[in-house]
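S.K.: Take this structure, written in C-alpha cells, and hold onto it; I'll ask about it next.
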Amino acid sequence: MALSGNPNRKMILSKGFDFFAGRLSRDCSNVDYRAYLFFLVYAEKPATEADISGTNFSGIHLVEFTLSVHFHLISFPVREFPKATDILFTTEYFLHPLICGFYIIFEPKKSYAIRLLYLSLWITGFTILNVIIEKFTNLIHYIHSPWYLVWVIFFCLFAVTNIIYRWFFSDKSIFREEKERQS
Amino acid sequence: MKAEWVIIIAAWFVSFGLIFIIPKNKKRLAFVAFIFTQAITWLAGLIVVELHLLSYPVRSFADVNRTSFTYEYLAFPMANSIFVSFYPSFRSWLLKFLYYCLFATLMTIPEIIALKFTQLIHYIHWTWYLSWLSIFATFLLTKGFCIWFFKGLHMEAE
C-alpha cells in the first residue's frame, strides 16, 4: 500500500509509541483534540506530587464497574448507598484513586521494561488484596469474573491513568500561563 | 418513553460536540473542571437519590445506578468545563457574579422543562431553587478548586 511510503505515517507511529512508552518531550505536548476526546472518555484525574488523596478522583473506575455490574461480572452485596446504586462507593471513590496515586508517585524513573514490571507488581498486590476481601467478606462478590480478569482490568485502568498523568504534566510552562490568566 | 431516550442520546452528542468549543490553551483547565465536577456530582447525586429527594424514572444503566448517569457524569461536567474556560477573569466582581447566575440558570431551565414534560426527572422532596443553589455551589467549588490546583502546580513548576 501507499501508506508505507507516507513519511507522516512514520512520524505519527513513532510519536504514538513515545506517547505510550511515556517518553513525552516538549514537542509532543501539543496533544490534539482527538487525544483530548480520548481522555474525556477515559476520564481520570491525575495525581499531583503535592497532594494525592484530595484530588485523584476516577470516573473511569465508575464506568468500568457500572459495566461490570451491568453484565453481572461483579456484585457488591454490602454497600453504602444500597438504594441509590449497586456499586461499592468507598473503593471506587477513595481506595482505587488513592492506590493509583501512590503507584504514580513512587514510580521509578527507569526504562520502559522496569516500569512495566513495577506496574505488574503493584497490580498483583492489589489483586491479592481484592481476592482476600472477596473471600472473607461480603463487600465484593465475583460472579463471572476470575482473578486474572480482575488483574487485566486493573492493569488497564492504572496504565491509562499513568498515560493521562504524563499527558497532563508534559509541559509545565503551560500552568504558568493559565495561572496568570486566571488571577 | 421514546422522547426521553432521544433527549439522552442528544445530550451525549451535544456534550461531546462542546469539546470543540473549548480553547486549545484551556484544555488542561477544562479537564480538571470536568473531573472535579464528576467527583462532586457522584457523591451529591447518590446522596439525594438515597434520601428520596429526587428520582430519575428514565435513565441509562437503569439496573445498576439509580442516578442520572448522562447528566451527572457527562452533561454537567461538560457545562462546568465550558464555564471555567470562558470565565471573565479580568472583569468586575458584579460581572463574575452575573456569569455564575447565568450558568446556574442555564442549567436549571432545561431541568424544569424535563420535569414538566418528560419522565427524565421527578422531584419528591425537592424544589427548583434547591437545584439552582446546588448548581451554583458546584460551579463555585469547581472554580475554587481550579484556582487552588493550578496555583499549586505553578509553585511546583518553579
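Any read-out appearing in this document is the output of simple, stated calculations on the displayed coordinates, not a laboratory observation. This one's a predicted model, so the numbers in the text were calculated from it and none came from an experiment. Here the Cβ positions follow ideal geometry from the backbone for every residue, glycine too, while neighbour counts run over all protein chains shown.
S.K.: For a distance above 16 Å, tell me the whole-number percent of Cα pairs in segment A:90-134 that qualify.
M.R.: Counting every Cα pair in segment A:90-134, those more than 16 Å apart make up 42 percent.
S.K.: When you look at the Cβ of every residue in A:80-87, what mean number of other chain Cβ atoms sits within 10 Å?
M.R.: Mean inter-chain Cβ contacts per residue within 10 Å come to 6.
S.K.: So what's segment B:63-158 giving for Rg/Rh, alpha carbon basis, Kirkwood Rh from the mean inverse pair distance?
M.R.: My calculation of the ratio gives 1.05.
S.K.: For chain B, what is the mean residue ellipticity at 222 nm derived from helices alone (per DSSP H run of n ≥ 4: -39500 (n - 2.57); sum divided by total residues; nearest 500 deg cm²/dmol)?
M.R.: Value at 222 nm, helices only: -23000 deg cm²/dmol.
S.K.: Taking only Cα atoms and a 10 Å spring cutoff, compute GNM fluctuations for chain B and point out the largest among B:N65, B:N25, B:N80.
M.R.: Ranking B:N65, B:N25, B:N80 by mean-square fluctuation puts B:N25 first.
S.K.: Dipole of chain B (Lys/Arg Cβ +1, Asp/Glu Cβ -1, origin at the Cα centre): which of B:I82, B:Q38, B:L141 lies farthest to the positive side?
M.R.: Towards the positive end, the residue furthest out is B:I82.
S.K.: Moving on to the next point. About the Cα centre of segment B:1-73, how large is the charge dipole given +1 on each Lys and Arg Cβ and -1 on each Asp and Glu Cβ? Please answer in debye to the nearest 20.
M.R.: The dipole of segment B:1-73 has a size of about 440 debye.
S.K.: Now for a different question. What distance in nm separates the two pseudo spin-label positions at B:A10 and B:R91, each 7 Å out from Cα along the beta-carbon direction?
M.R.: According to this spin-label approximation, the distance is 2.8 nm.
S.K.: Among B:E72, B:E111, B:E50, determine the one that fluctuates most according to a GNM of chain B built with springs between C-alpha atoms less than 10 Å apart.
M.R.: B:E50
S.K.: Counting only other chains, and only Cβ atoms inside 10 Å, what mean value do you get across the residues of B:29-42?
M.R.: For this peptide, the per-residue mean of nearby foreign Cβ atoms is 5.
S.K.: In the Gaussian network model of chain B, springs joining C-alpha atoms below 10 Å, which of B:F31, B:F145, B:F13 carries the largest mean-square fluctuation?
M.R.: Among B:F31, B:F145, B:F13, the largest mean-square fluctuation in the Gaussian network model of chain B belongs to B:F13.
S.K.: If you place +1 on the Cβ of every Lys and Arg, -1 on the Cβ of every Asp and Glu, and leave all else neutral, what size is the dipole of segment B:76-158 about its Cα centre, to the nearest 20 Debye?
M.R.: 220 debye
S.K.: Take a quick pass over chain B and tell me how many lysine pairs come in under 26 angstrom between Cα atoms, counting only ones 8 or more apart or on separate chains.
M.R.: 13
S.K.: Hey, another quick one. List the DSSP H helices in chain B whose Cα atoms stretch 15 Å or more along the helix axis and whose mean Kyte-Doolittle hydropathy is at least 1.0.
M.R.: Values: long enough: B:2-17 (23 Å, 1.41); B:27-50 (34 Å, 1.46); B:93-117 (36 Å, 1.40); B:128-157 (43 Å, 0.92).
The qualifying helices are B:2-17, B:27-50, B:93-117.
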